[in-house]
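These notes are about the structure you will find just below.
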Amino acid sequence: MKVDYIVVGLGLAGLAFVEELMAAKKTFLVFEDDSQTSSLVAGGVYNPVILKRFTPVWNAKEQLKVALPFYKKIEEKLQITIDQKFVIKKAFKSIEDQNTWFEACDKPKLMAYLDPTLDRQKYEGVIADFKFGNVHETGRIDTKKLVEAYRKYLEEQQAIRFENFEHQHLHIGNENVTYKEVNASKIVFCEGYGLKENPFFNYLPLNEAKGELLTIHAPALNIDFLLKSTLFLLPLGDDLYKVGATFNWTDKTSIPSKEGKEELVEKLKKVINVPYTIVSQSAGIRPTVAGRRPLVGVHPIHDQLVVLNGLGTRGVMIGPTVAKNLYNHLEKGEELDKEIDISRFSK
Ligand SMILES: Cc1cc2nc3c(=O)[nH]c(=O)nc-3n(C[C@H](O)[C@H](O)[C@H](O)COP(=O)(O)OP(=O)(O)OC[C@H]3O[C@@H](n4cnc5c(N)ncnc54)[C@H](O)[C@@H]3O)c2cc1C
């Protein structure tokens, strides 16, 4: 079997790269072994503002410009709805917090997103001692629905194999690679935290940031916006809400934990004061990088080996842009953004 590309991993990174391949009518085969869950459990929120510091997300405007049409195109192609637009309401913790908001509203890179008129309304069940600030041009991609539908779509075209990719069986030729009976011009590794098992790229400084989320049923709550308080509360419809997320830098498993649940339940006490039941708990490892820039590019020795990783906490926004830049770099000689290029790390 001969293809242009082998792609290892079908999370947000793999999916974004495969979209580029399909648009260019390249042939490919994907391997996916369900070892990582980040893209399946993600909140899926896109938000151009870092609300903790009131700073813009790196290249937010440019990323949204690529990402929103990207997901729209997939919605049309797969006949699914995955993009849910909503306002994010930041619950202020103090008067100083509110004042910082006003300062941020004047920053040129933030003024398009932050509303200078504060929301003074009370919302049933929501604990808030101060006002809310509205963030616009935000929403959520249902990443689970997206990834599952996309995998099914590839399965129908026999373009995906649900099996573990075993790196030791990869044979690197002069101008191509062979994996078992599959010959390809290039192989792109989109393995998320699975990169740690990849002997070709595990020298890259990828960190794990385990995140856990709860889905709760809270019929007395009636909000149609994303509430950003001590944690986020995201409306899913039918009185269901996603609550998250934790950050754990030591646990390297994707298994939901008792500690994670307790932390979220404890924090939730400060956010809502209505009864709820926990419907489910999920966990995954965010593939993060110190400096918050992805890990993208070509292996320093073998040109045929390529990596697309390090999407961190914002895979929804960042994935489509970096996948496009990588594809254009490989196929059209476009320069790779220096900030994401793995050549910034030596092997
Ligand atoms: C709790 C939580 C909440 C989050 N919330 C948000 C959010 O609100 N907004 C946002 O933008 N981002 C969010 N993220 C981050 C986002 O999920 C990640 O940026 C993104 O999913 C990373 O995608 P990826 O494809 O690089 O990695 P992954 O999703 O981990 O995909 C890698 C894929 O490769 C497969 N794989 C690995 N090794 C192999 C192998 N050897 N053989 C075959 N297959 C293999 C894995 O099974 C996996 O499917 C969140 C993450 C978590 C954990």
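The values are calculated or read from the model by the stated rules, or taken from the named source; none is laboratory data. These figures come from a predicted structure and were not determined experimentally. So basically every Cβ, Gly included, is an ideal-geometry build from the backbone, and we count neighbours across all protein chains shown. Surface areas here come from the heavy atoms of the whole protein model, side chains and all, with no ligands, DNA or RNA. Shrake-Rupley method; radii C 1.70, N 1.55, O 1.52, S 1.80 Å.
Hey, can you find the accessible area per residue of the range 125-196 for me, probe 1.4 Å, expressed in square angstrom?
Heavy-atom accessible area per residue stands at 47 Å².
Name the helices (complete DSSP H segments) of the chain with a Cα length along the long axis of 18 Å or more and a Kyte-Doolittle mean of at least -1.0, or state none.
The answer, listed by residue number, is 60-78, 315-332.
Take the alpha carbon atoms of the range 152-197, find their center, do the same for the range 74-138, and report the distance between the two centers in whole angstrom.
What the calculation gives is 41 Å, centre to centre.
At 25 °C and 0.890 mPa s, grab the translational diffusion coefficient of the range 1-64 from Stokes-Einstein with a Kirkwood Rh over Cα pairs, rounded to a whole number in µm² per second. Show your work: numbers first, answer last.
On the way: Rh = 14.2 Å.
Value of D from the Cα-based Kirkwood radius: 173 µm²/s.
Based on DSSP H runs of at least 4 residues, each adding -39500 (n - 2.57), what is the mean residue ellipticity at 222 nm of the chain after dividing by all its residues, to the nearest 500 deg cm²/dmol?
Working: 7 runs with 89 residues, N = 347.
The per-residue figure over the chain is -8000 deg cm²/dmol.
Suppose every K and R has +1 on its Cβ and every D and E has -1 on its Cβ; what is the size of the dipole of the chain about the Cα centre, in Debye to the nearest 20?
With only Lys, Arg, Asp and Glu charged at Cβ, the dipole is about 700 debye.
To the nearest 0.05, what FRET efficiency results for E197 and R53 with a Förster distance of 35 Å applied to their C-beta separation?
The calculated FRET efficiency here is 0.55.
Report relative contact order for the range 267-310 in percent, whole number only (criteria: Cα-Cα under 8 Å, sequence separation at least 6). Walk me through the numbers before you get to the answer.
Numbers: 29 pairs, mean separation 12.3, N = 44.
The value is 28 percent.
Towards the positive end of the charge dipole of the range 258-347, with charges on Cβ (+1 Lys, Arg; -1 Asp, Glu), say which of V298, I318, G284 has the farthest Cα.
G284
Looking at the range 205-247, what % of the alpha carbon pairs are farther apart than 17 Å?
35 percent
Calculate the dipole size of the range 50-139 relative to its Cα centre from +1 charges on Lys and Arg beta carbons and -1 charges on Asp and Glu beta carbons; express the result in debye to the nearest 20.
200 debye
Label points 7 Å out from Cα along the Cβ direction at F162 and M22: separation in nm?
Inter-label distance under the simple model: 1.8 nm.
Compute the Kirkwood hydrodynamic radius of the range 17-109, taking the inverse of the mean of 1/r over all pairs of distinct Cα atoms, and give it in Å to one decimal. Don't skip to the answer; put the middle values down first.
Numbers: mean 1/r = 0.0596 Å⁻¹.
This gives a value of 16.8 Å.
Would you mind working out the accessible area per residue for the range 229-325, using a 1.4 Å probe, and quoting it in Å²? Write out the running numbers ahead of the final one.
Working: 4290 Å² over 97 residues.
Spelled out: the 1.4 Å probe surface of the range 229-325, per residue, equals 44 Å².
Given a 1.4 Å probe and every protein chain left where it sits, what share in percent of the accessible area of the chain is carbon and sulfur?
51 percent
Can you tell me the FRET efficiency between K2 and K109 if r is taken as the Cβ-Cβ distance and R0 is 41 Å, rounded to the nearest 0.05?
Efficiency, from the Cβ-Cβ distance: 0.30.
Pairs of lysines 8 or more apart, or on different chains, with alpha carbons under 25 Å: count those in the range 160-263, would you?
Total qualifying Lys-Lys pairs in the range 160-263 comes to 16.
On average, how much accessible surface per residue is there in the range 1-58, in Å², for a 1.4 Å probe, leaving out ligands, DNA and RNA?
For the range 1-58, the solvent-accessible area averages 33 Å² per residue.
How about the range 215-303: which trypsin sites (Lys or Arg not before Pro) there are in a DSSP loop, with at most 14 other Cβ atoms within 10 Å of their Cβ?
Sites meeting the loop and neighbour criteria: K252, K269, K270.
Would you work out which of G125, Q98, A159 lies farthest towards the positive end of the dipole of the range 76-172, given +1 charges on the beta-carbon of Lys and Arg and -1 on that of Asp and Glu, about the Cα centre?
Comparing the listed Cα positions along the dipole, G125 ranks first.
Kirkwood Rh over alpha-carbon pairs of the range 204-347, then Stokes-Einstein at 37 °C and 0.692 mPa s: what D in µm² s⁻¹, rounded to an integer? Intermediate values should be presented prior to the final figure.
Details: Rh = 17.4 Å.
Result for D is 189 µm²/s.
Along each of the three principal axes of the Cα atoms of the chain, give the extent in whole Å, ordering the values from largest to smallest.
65, 42, 39
For the chain, set up a GNM with springs between Cα atoms under 10 Å and report which of Q281, Q158, Q304 has the largest fluctuation.
So, out of Q281, Q158, Q304, the one fluctuating most is Q158.
Kindly work out what percent of the DSSP beta bridges joining two residues of the chain are antiparallel, to the nearest 5.
Numbers: 49 of 68 bridges.
In the chain, DSSP labels about 70 percent of beta bridges as antiparallel.
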